[in-house]
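> This is the structure I want to talk about, given as structure tokens.
The values are calculated or read from the model by the stated rules, or taken from the named source; none is laboratory data. All values reported here derive from a predicted model rather than from experimental measurement. Positions of Cβ are generated from backbone atoms using ideal geometry, with glycine treated the same way; all protein chains shown enter the neighbour counts. Surface accessibility is based on the protein's heavy atoms, side chains included, excluding ligands, DNA and RNA. Shrake-Rupley method; radii C 1.70, N 1.55, O 1.52, S 1.80 Å.
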Amino acid sequence: MTLVRMIARPMLASTFVVHGVRAIRNPDPLVPSAKSVTDQLVPTAKRMAPPAIADRIPEDPRTLVRINGAVQVVGGIALATGVGRRWGALALAASVLPTTYAGHAFWEEKDAESRGQQQVHFLKNVSIFGGLLLAAVDTEGKPGLAWRASHSAEHTRAATRRMTRGARREAKLAARTARQEAKLAKLFARQEARLAAKASKPARLTRSTKRDAKRAGKAAKALTSSATHAAKPVLAKAGIGS
């Protein structure tokens, strides 16, 4: 906590603690002005609240003034000490609204001077209300709940995007690897087919050569036989071979 915050928070809370103690000890001076507000707010609060809570809402203006004073004392101490300061500032801001409406309704004043004075007090309370709202949202430079929630959501979206991109890259690599493996398999198959074709050619050539040799032998025998038959008469005439 900085020095400015350490000094400003008790200063802002001091008026609430003092007025709250006075309202608890002696609520009677505040009851007439508070009655006009409680007569309007209490029936509305009972209609909107659940039955179990509506039955416990007090209707006595004196009791309500003391409750409002207790809220101011507790909220002021929380804001001044820094223990639950943001909730304390929010509670004080809530207590200012009925107090301002009941005690400084300048629009109901007929006298111009009284109206001006009540308007000054009304605007003073509006200024205090604004300061309490600032104190309620002051995180002392630390991330607030809203920021943490949005940052967590953004972090989740970023992680999801990274996971999606990683999955896409892996899918592309797997597809590329599958295509390369398919090409290699085709190349190996073609190579094996060529080797098998080369290995089978000598066998075919050997069988063809054997067939040709047989045919040549038969042709040679036939030529020899025909030459022999053709030479027999000539040799007989010549007296050879008889």
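> Among the numbered criteria (1) exposed (fewer than 12 other Cβ atoms within 10 Å of the Cβ); (2) in contact (Cβ under 8 Å) with a residue 60 or more places away in the chain, which one does ILE53 miss?
(2)
> Which fully enclosed helices (runs of 4 or more DSSP H) of the range 1-111 have 3 or more residues being farther than 27 Å from GLU140 by Cβ and of a type in the set (Val, Ile, Thr)?
31-48, 61-81
> Condition first: open to solvent by 60 Å² or more (accessible area, probe 1.4 Å), of a type outside the set (Val, Ile, Thr) and either closer than 21 Å to GLY20 by Cβ or touching a Lys or Arg at 6+ places or on another chain (Cβ under 6 Å) (or both). Now tell me which residues in the range 56-67 satisfy that.
ASP60, ARG62, ARG66 - these are the residues of the range 56-67 that are open to solvent by 60 Å² or more (accessible area, probe 1.4 Å), of a type outside the set (Val, Ile, Thr) and either closer than 21 Å to GLY20 by Cβ or touching a Lys or Arg at 6+ places or on another chain (Cβ under 6 Å) (or both).
> So, in the range 138-164, of the ones that are modelled with pLDDT of 70 or more and either of a type in the set (S, T, N, Q) or surrounded by 12 or more Cβ atoms within 10 Å (Cβ to Cβ) (or both), which residue ends up nearest to GLY88 (Cα to Cα)?
Among those that are modelled with pLDDT of 70 or more and either of a type in the set (S, T, N, Q) or surrounded by 12 or more Cβ atoms within 10 Å (Cβ to Cβ) (or both), it is ASP138.
> Could you please find all residues in the range 9-42 being under 17 Å from LYS124 (Cβ atoms) and within 40 Å of the chain's Cα centre (by Cα)?
Those that are under 17 Å from LYS124 (Cβ atoms) and within 40 Å of the chain's Cα centre (by Cα): LEU12, ALA13.
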